[in-house]
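The values are calculated or read from the model by the stated rules, or taken from the named source; none is laboratory data. Since we're looking at a predicted model, the values are computed, not measured. Cβ placement follows ideal geometry from the backbone for every residue including glycine, while neighbour counts extend to all protein chains displayed. The accessibility values were calculated without ligands, DNA or RNA, using every heavy atom of the protein model including side chains. Shrake-Rupley method; radii C 1.70, N 1.55, O 1.52, S 1.80 Å.
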Amino acid sequence: MGAGYSGLMMAIVFSEKMQDKNAELVIYERNHDLGGTWLENRYPGCKCDIPAHNYAYSFDANPEWPNYYATSQQIHEYMHDVSKKHNCDRFIKYSHSIKGAHWNQDRGTWSIEVQKADGSIILDEADVFINAGGVLNNWKWPNIEGIETYKGKLLHSARWDEDYDFTDKEIGVIGIGSSGIQIVPKLAKVVGSMDLFVRTQTWISPAPGINEPTANDPEMDSEYNFTEASLELFKDPEVLRDYRAAIMDRRIENFKRAMADSDVQLKAQALFRKSMNERLGNTEKGRKAAQMLLPDFPVGCRRQTPGPGFLEALVQDNVEMQWDDVQKITEKGILLKPGVEKEYDAIVCATGFDTTFKPAFPVIGRNGVDLARKWTEEQPKAYFGVVVPDMPNYFCFIGPNSPISNGSLILGIQATAVYVYKWLEKLQTESIKSFEVQHDANEEYNQHIQKYLERTVWTRNCRSWYKRGTVDGPVVAIYGGTSFHFMEAIKNPRWEDFNLERLEEAKSNRFAYLGNGYSRREAKSQSVSATQTLDFDEYWNLFVLPEIHD
């Protein structure tokens with residue numbers, strides 16, 4: 001399910017490594033096009049705050065990124081280029097929305113209910129169900145009384161109307177997450193007036209992204225656009241690889257800030273505080289904004305938020321910030337808590353997504369376990385964010401406690417896809433009907449993760465989607481370590497943590513899959529010369545995965 005970065009990665013794996021594996025891949029994508037987040041989010045100023053050269057697949061570098069940070073449109077175009085290169089579009093059925101998935105124990109398959117664009121329902125059956133829908137994909141209106149009565153233009157950051165003209169309009173903006181912080185400075189340039197409604201403090205990064213450029217980066221202008229000379233350098237794959245590696249290494253330094261009481265965290269707070277005060281200025285309006293915004297929690301407790309132009313917009317004459325002041329929405333605008341009604345031409349809801357991790361449709365596993373109900377009544381728990389007890393032959397990308405703020409999300413997605421491939425290979429070759437992670441393994445794994453997270457900024461006193469919108473709830477979104485630690489941890493699957501059920505023909509003898517005694521290559525009368533190596537390292541790497549994080 002899903003043709004965003006995760007689903008596309010599975011398509012690449014299938015296209016490059018599974019074409020002769022006697023397997024079929026179908027990707028159901030609810031939208032008319034691939035891209036996921038980068039198709040759906042088209043609000044003004046929408047950019048990825050990760051350096052563009054690290055927000056690409058590591059094996060498909062893009063030497064033509066024009067800016068240090070990429071816009072949603074540029075990332076979407078890049079994904080199309082990658083899909084075309086690997087011939088992935090053949091696997092995707094667009095405008096097909098999954099409405100339900102039920103495990104059939106007798107058959108050892110998932111029954112998948114899919115709604116087509118015309119509203120009709122089709123049923124599919126799959127040996128394996130991979131949920132690549134992501135976590136920030138189920139956008140929602142804010143839970144504010146009266147929102148359905150508003151008669152002006154109502155917009156959500158994830159369902160933007162690019163044709164609406166904001167020029168000289170009076171607007172209200174609700175929300176101060178990453179999308180709100182990108183939207184405000186863009187609209188402030190054209191609207192007549194803007195009221196920004198916030199209820200949470202937040203740190204605003206001094207830089208325009210998570211990792212700012214340094215003096216050692218290739219040449220770029222004041223807007224972080226690469227110069228022609230830099231773009232020419234990037235045409236050399238080795239030069240570009242070295243640059244991508246250098247950016248990646250710098251990101252580990254940022255992760256060290258996640259330790260709540262570390263020196264680097266305290267230095268970050270001092271730097272951010274100084275930067276925010278300077279940018280807001282010493283006017284009465286600027287001091288008031290600083291008083292509202294500057295947090296008493298560590299940098300990163302809420303997702304670190306770069307905001308080029310955001311603080312500067314707050315002190316413009318046509319922008320006013322309102323603190324926790326929404327009583328209800330009316331036909332004409334917003335009723336403030338003092339009882340004053342403000343009328344608006346448009347209300348922008350930058351209020352995010354359902355971040356509970358529970359699926360938006362029934363996923364019914366073994367013995368009728370409903371995953372949405374389970375993750376409503378209990379804390380969402382997954383094994384390495386990928387597999388879940390009672391859900392046989394089921395994988396999810398970016399599930400609970402995944403490496404989403406730990407370094408490189410893209411590398412985490414790539415590692416997850418390879419992990420899924422290893423399970424598919426085991427299912428295909430060893431006569432296995434189903435597998436599912438054991439309850440005790442999942443519990444012990446999550447105990448370790450939560451113990452690790454206790455020392456981090458994410459558990460501190462802030463309201464965050466990492467904690468499902470709570471202030472003091474458990475951190476259900478973030479992995480306990482770096483992205484590179486995650487990659488190393490899942491490189492060799494721990495088969496012993498799983499219950500395996502064999503196919504009928506293998507129940508009397510688990511080694512029935514060994515077959516006729518010949519390897520596939522020998523059976524096809526092909527050469528086995530790969531075993532004749534030039535040195536020990538070459539031989540070793542045939543059978544043992546190379547060490548990359550030692």
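Whole-Hz Karplus ³J(HN,Hα) for region 259-275, in order, using 6.51 cos²θ - 1.76 cosθ + 1.60 and θ = phi - 60°, x for Gly and Pro?
For region 259-275, the Karplus-derived couplings read 6, 4, 10, 6, 4, 5, 5, 5, 5, 4, 4, 5, 5, 5, 4, 4, 5 Hz, x marking Gly and Pro.
Only bridges whose two residues both fall in the chain count here: according to DSSP, what percent of them are antiparallel, nearest 5?
Approximately 55 percent, going by the DSSP bridge assignments.
Dipole size in debye (nearest 20) for region 209-357 around its Cα centre, Lys and Arg Cβ +1, Asp and Glu Cβ -1?
700
Going by average Cβ neighbours within 10 Å, how do the peptides 367-378, 85-96, 526-537, 192-203 rank, with the highest at the top?
The peptides rank, most packed first, as 192-203, 85-96, 367-378, 526-537.
Projecting each Cα onto the charge dipole of region 405-550 (Lys/Arg +1, Asp/Glu -1 at the beta carbon, about the Cα centre), which of GLN428, LEU514, LEU411 comes out farthest on the positive side?
Most positive-ward Cα: LEU411.
How many angstrom separate the Cα center of region 487-528 from the Cα center of region 215-285?
46
Which whole-number value in Å² is the accessible area per residue of region 390-464, probe 1.4 Å?
Value returned for region 390-464: 32 Å² of accessible area per residue.
Calculated FRET efficiency, ASN318 and PHE536, Cβ-Cβ r, R0 60 Å, to nearest 0.05?
That pair, ASN318 with PHE536, gives E of 0.30.
Taking amide H positions as placed 1.01 Å from N in the peptide plane, with prolines and chain starts having none, which residues 5 or more places from THR456, or on another chain, fall under 5 Å of its amide H?
ALA260
Can you find, among GLY307, THR355, PRO392, the residue farthest towards the positive end of the dipole of region 269-393? Put +1 on the C-beta of Lys and Arg, -1 on that of Asp and Glu.
In region 269-393, that residue is PRO392.
Stretch THR149-ILE121 to full length: gain in nm at 0.36 nm per residue minus the Cα-Cα span?
6.8 nm is the gain from fully extending THR149 to ILE121.
In sequence order, what are the phi-derived ³J(HN,Hα) couplings for region 501-506 according to the Karplus relation 6.51 cos²θ - 1.76 cosθ + 1.60 with θ = phi - 60°, rounded to whole Hz, with x for glycine and proline?
Residue by residue, region 501-506 yields 10, 8, 5, 3, 5, 9 Hz.
Heavy atoms only, probe 1.4 angstrom, no DNA, RNA or ligands counted: give me LYS332, LYS381, LYS358 ranked by accessible area, highest first.
If we order LYS332, LYS381, LYS358 from most to least accessible, we get LYS332, LYS358, LYS381.
With every protein chain present, what accessible area does LEU231 have (1.4 Å probe, heavy atoms only), rounded to the nearest 10 Å²?
Ignoring ligands and nucleic acids, LEU231 comes out at about 40 Å².
Would you mind calculating the gained length between LYS285 and LYS93 on full extension (0.36 nm times residue separation, minus the Cα-Cα distance), in nm to one decimal?
63.9 nm
With θ set to phi - 60°, apply the Karplus curve 6.51 cos²θ - 1.76 cosθ + 1.60 along region 232-247 and write out the HN-Hα couplings as whole Hz, x wherever there is a Gly or Pro.
5, 4, 5, 5, 7, x, 5, 4, 5, 4, 4, 5, 4, 5, 5, 5
Which one of PHE166, TYR344, PRO142 is farthest out on the positive end of the charge dipole of the chain, using unit charges on Cβ (Lys, Arg +1; Asp, Glu -1) and the Cα centre as origin?
PRO142
Once you place label points 7 Å from the Cα toward the Cβ at LYS274 and GLU501, how far apart are they in nm?
Label-label distance for LYS274 and GLU501, simple model: 6.2 nm.
I need the calculated FRET efficiency for the pair GLU377 and ASN225, taking r as the beta carbon distance and R₀ as 41 Å, to the nearest 0.05.
Once rounded, the FRET efficiency stands at 0.25.
Compute the accessible area per residue over region 193-351, keeping the other protein chains in place, probe 1.4 Å, unit Å².
Here the per-residue accessible area is 50 Å².
Express in nm, to one decimal, how much length is gained between ILE548 and LEU266 on full extension, taking 0.36 nm for each residue of separation and deducting their alpha carbon distance.
Result: 98.4 nm gained on full extension.
With a 1.4 Å probe and every protein chain kept in, tell me what percent of the accessible surface of region 184-328 is carbon plus sulfur.
Roughly 49 percent, rounded to a whole number.
Let me have the relative contact order for the chain, percent, based on Cα pairs under 8 Å that are six or more residues apart.
Computed over the chain, the figure is 17 percent.
Using a 1.4 angstrom probe with every protein chain in place, what is the largest-first accessible-area order of MET220, MET9?
MET220, MET9
Given H placed on each backbone N at 1.01 Å, which residues far from LYS328 in sequence or on other chains put an amide H within less than 5 Å of it?
LEU335
Place a +1 charge on the Cβ of each Lys and Arg in the chain and a -1 charge on the Cβ of each Asp and Glu, then give the dipole magnitude about the Cα centre in debye, rounded to the nearest 20.
1040
For region 1-151, which whole-number percentage of the solvent-accessible area (1.4 Å probe, protein heavy atoms only) is attributable to carbon and sulfur atoms?
The computed percentage sits at 46.
Mind listing the long-range amide H neighbours of GLN322? Cut-off is under 5 Å, sequence gap 5 or more, other chains count too, H placed in the peptide plane at 1.01 Å from N.
Counting only residues 5 or more places away or on other chains, the set is LEU196, PHE197, VAL198.
Over region 261-420, calculate the relative contact order: mean separation of alpha carbon pairs under 8 Å at least 6 apart, over the residue count, as a percent.
Worked out over region 261-420, it gives 10 percent.
Computing the accessible area with a 1.4 Å probe over protein heavy atoms, can you report the carbon and sulfur percentage for region 444-550?
51
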